[in-house]
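Here is the structure we will look at.
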Amino acid sequence: MIKTFRIFGAGEWGLAVANHLICLGNRVEVFLRDHNKVNEYNESLFCKRLNLSFNKNIVFRNLGELNHLINNGDNFNIIASSSSGFTDIIDTYSVYFKSCQSITWLTKGLDHSKGLLFHEIIDQTLSPNIKKCIISGPSFAKDLVAAKPLRVSIASTCDILANSIIETMETENLKFEKTADIIGVELSGIIKNISGILAGILTANLYPDEYIEELISLSQIDVQNIARKITSNQNSYMVTEAELEKTVRSPSCYGDMRLTCYFNISRNRQLGLKIIGKYNIKKLISRIGTVEGYLSTSTLNTHKEAFGESKIVEAAYKILYLDADPKAVLNQLFE
C-alpha cells in the first residue's frame, strides 16, 4: 500500500530518508524554509551534497504553507530538523501539528532554551495525546543512500505506529529494533554527544582505548539514572528495568556511542581531539561549527533539577566551561 510521508527539514538525513521512502514506492513531501531551494529541488530533483537523484514521487514545498494545509490522518509526519530547529517548527506551525495523530522525529538532542526533551515539547505545546515516535542509531545519511547495512532503534508510545513505520521502511539493509522507551532513546542521543567529546579528549591525551570503553559504560549508567529520574515525574513514559537495560545495549545507545566515541567524523569527537595543552574552547567551536555535545553539557548542568546528577556531564562541564585540567578531571572520573 502506498503511503504519504511529510518530512520537515531538508538536511542530509531528511533527504536520505525521503529518498529511501520514495524508492520503496511511497509519496513524499519535503518541507523547506528556503523558497529558492524549493524551486531548485523541484526542477533538478537532485541533491549535490549526497550525489542523489530523486524520482517523481517526491515534491518539495515551502514550510510557510504548512498551517494552511489539511492534515490527512493517513499522513506520516517526520521532523528531520536540527535540534535548534525542532521547537521552532512545532511552535510556528502548531496549527498544523495539533491536527496530527502522530509525530515521528529523527532529531537528536534537546531544546536548549527550555531544557526540555522533544517529547515534552510536543506534549506541552501540542497535546500529550499525539502518538510519538523517534528513530535513532549509529548511522550516516550517505550510508542509507548507499544501501549499506544499518540497524537503528525505533521508540514509540504506540506499537501500531512503530509497526507501521517498520513495515514501510525496513529493508534487507535497514533494520529496526523496537522499544517503548522514548525517554531512554532520547537521552542516549544526548549523552553520546557529550561522551564523544570526552572520548576525543582521551585520545588526544594518549589514554588507551580501554578508557573509552569504560567511558561508554559510565555513559550507559548515566542514561539509565537520568531516565529513572525523568520518568519518576512522567509516569506515562515509565518502562520496566528490563526495557531500560535493553535500551542501553541498543543501537540508539551502545551502538551510537561507539560510533561517536571512535570515529573522527563526529564533530563532538573532533572538538575533544583539539583539547590538549593550551586551548580556547570558543575559538575551537567557531572553527568546527555547532557541537551538540558542547551545548547539551551546559543545558543538562543548568537543569539538574530535571535531569539529576551525571558523572559524564559533570566531567565535561568542568573541562568545557570551567577550564579545569582535562587530565585531572578524567583521572577523577575513572577513579
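Restriction of the GluC sites (Glu not before Pro) in the stretch 116-170 to DSSP coil positions whose beta-carbon has at most 14 other beta-carbons within 10 angstrom yields 170. Hydrodynamic estimate: the Kirkwood radius of the chain over Cα pairs, inserted into Stokes-Einstein at 10 °C and 1.306 mPa s, corresponds to D of 78 µm²/s. Ratio of Rg to Rh for the stretch 36-79: 1.02 [Cα atoms; Kirkwood radius as inverse mean 1/r over pairs]. Count Lys and Arg as plus one, Asp and Glu as minus one, and take only other residues whose Cβ is under 14 Å from that of residue 226; the net charge is then -2. Between residue 147 and residue 278, the contour length at 0.36 nm per residue exceeds the alpha carbon distance by 42.9 nm. Ordered by the count of other Cβ atoms within 10 Å of each Cβ, fewest first, 237, 207 give 207, 237. Taking every DSSP bridge with both residues inside the chain, close to 20 percent are antiparallel.
The alpha carbon centroids of the stretch 313-335 and the stretch 13-44 are separated by 43 Å. Panel order for 267, 228, by other beta carbons found within 10 Å of each beta carbon, from fewest to most: 228, 267.
Applying the criteria of a DSSP loop state and at most 15 other Cβ atoms within 10 Å to the trypsin sites (Lys or Arg not before Pro) of the stretch 69-151 yields 98, 114. The separation of the stretch 107-151 from the stretch 220-253, counted between C-alpha centres, amounts to 16 Å. Per-residue extension of 0.36 nm, minus the Cα-Cα distance of residue 74 and residue 214, leaves a gain of 45.9 nm for this segment.
Legend: calculated FRET efficiency, residue 335 to residue 287, from the Cβ-Cβ distance at R0 = 30 Å, rounded to 0.05, equals 0.35.
Compactness check for the stretch 1-123: Cα Rg over 2.2 N^0.38 Å is 1.03.
Neighbours of residue 93, meaning other residues whose beta-carbon lies under 14 angstrom from its beta-carbon, give a summed charge of 0 when Lys and Arg score +1 and Asp and Glu score -1. Taking the chain as a Gaussian network of alpha-carbon nodes connected by springs under 10 Å, the highest mean-square fluctuation of the residues 113, 94, 296 belongs to 113.
None of the figures in this text is laboratory data; all of them are computed from the coordinates on show. Keep in mind that this is a model prediction, so the values were computed, not measured. Note: ideal-geometry Cβ built from the backbone for every residue, glycine included; neighbour counts use all protein chains shown.
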